[in-house]
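So the structure is just underneath, and the comments pick up after that.
The values are calculated or read from the model by the stated rules, or taken from the named source; none is laboratory data. Keep in mind it's a predicted model, so treat the numbers as computed, not measured. Accessible surface is based on the protein model in full, side chains and every heavy atom, while ligands, DNA and RNA are left aside. Shrake-Rupley method; radii C 1.70, N 1.55, O 1.52, S 1.80 Å.
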Amino acid sequence: MNKLQAFGLIVSQAVRGELTFPTSVNSALQLQLALAEPDCHIDHAIKLVLGEPLLAARTVALANSAVYSRGDAAPVTSVRAAVMRMGYRNLYALVAAMVVRQFGSKIIDPVLRQKATQLWEHTAHVAALAHVLARRVTHVDADTALFAGIVHEVGGFYLLSRADEFPGLLDDDTDHWMESAEEIISREVMKKLLIPLAVSEAIEGLRDGLLSIPPDSLLDTLLLAKQLSPVPSPLQLTYVEMLTPSDSVIDFIIDNETLQSILAESAEEVHSMSAALLV
């Protein structure tokens, strides 16, 4: 099967809803569904988290990270306290982060595994930067920006997990038809993962979005975060690089002192968040 046929197969399966997820991802999806219920009681949420030991450990770890413990001197030591500190929305984001990470966990090919590792590093930086930029520049909901940053490359992670079945599939990322294939796959994966419409629309907008002046939307937040990320996506295509803001535009929007402060704050969040999620 050549590359075009392989991409055609993956795309057609995605459009039909035939998405291949690791077992651990399916478990996390069940938890996401429960947390999405408006009448989900906190005791039920805690019980669900405790039912997944890895999730329980990461929930406590992330609640004690710089992302969520800002201003709190005492660390939390229980799942209940961690859920109370983070809230359902952020617990939902944590589950999404676990889903994203699990896509790359079963990859065998060493080249693809390295790409998955780099893609997570890029994702962590974009998520942390989006969280800080939302609070200090674009003034959109910071928790939503963090969540959007975590899931913005979920289509790429899925594609990497499937590429393990088709040697050489991602050897050349300059094929123009690959851009369309990745866009379709990403859209279908986000549907399957129940990504809220406002978030999925912002992520899809990265393909051809232009930065507003002044930046004031979730899309603007992601565009800035991707441009400022010190780790590029290994799947980054040229259209993203051209359409994200240039250094001169960033200088116009954010003064140097503020920018350095944002980068330092986001670096702390990346270190803290990654330490919680990479165990």
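For segment 71-122, what's the radius of gyration and Dmax over Cα atoms, in angstrom?
Using the Cα atoms of segment 71-122, the pair Rg, Dmax is 15.4, 43 Å.
Carbon and sulfur together cover what percent of the accessible area of segment 42-131 at a 1.4 Å probe radius?
On the way: 2270 of 3830 Å².
With neighbouring chains kept in place, the figure for segment 42-131 is 59 percent.
Given a 10 angstrom Cα cut-off, can you work out which residue in 54, 263, 228 is the most mobile in a GNM of the chain?
It is 54.
Counting only heavy atoms of the protein chains, get the accessible area per residue of segment 103-144 (1.4 Å probe) and round it to a whole Å² value.
Details: 1710 Å² over 42 residues.
Heavy-atom SASA per residue in segment 103-144 reads 41 Å².
Kirkwood hydrodynamic radius, computed over distinct alpha-carbon pairs, for segment 32-172: how many Å, to one decimal?
Details: mean 1/r = 0.0612 Å⁻¹.
When all Cα pairs of segment 32-172 are included, the Kirkwood radius is 16.3 Å.
Relative contact order for the chain: what percent, with Cα pairs under 8 Å and sequence separation of 6 or more?
Numbers: 332 pairs, mean separation 70.2, N = 279.
So the answer I get is 25 percent.
Tell me, in nm to one decimal, what length is gained between residue 16 and residue 105 on full extension, where the rule is 0.36 nm per residue of separation less the Cα-Cα distance?
Details: separation 89, 0.36 × 89 = 32.04 nm, distance 2.47 nm.
My answer for the length gained is 29.6 nm.
Just the number: Rg to Rh for the chain, Cα atoms, Kirkwood Rh, two decimals. Present the calculation step by step, with values, prior to reporting the outcome.
Numbers: Rg = 18.4 Å, Rh = 19.2 Å.
With Rh from the inverse mean 1/r over Cα pairs, Rg/Rh is 0.96.
P(r) for segment 92-241, please, calculated from all Cα pair distances in 5 Å bins and given in %.
For segment 92-241, the binned pair fractions read 2, 10, 20, 24, 22, 13, 6, 2, 1 percent.
At 0.36 nm per residue, minus the direct Cα-Cα distance, what do residue 171 and residue 208 gain on full extension? Give it in nm, one decimal, please. Could the numbers behind the result be given before it?
Details: separation 37, 0.36 × 37 = 13.32 nm, distance 2.38 nm.
Taking 0.36 nm per residue and subtracting the Cα distance, the gain is 10.9 nm.
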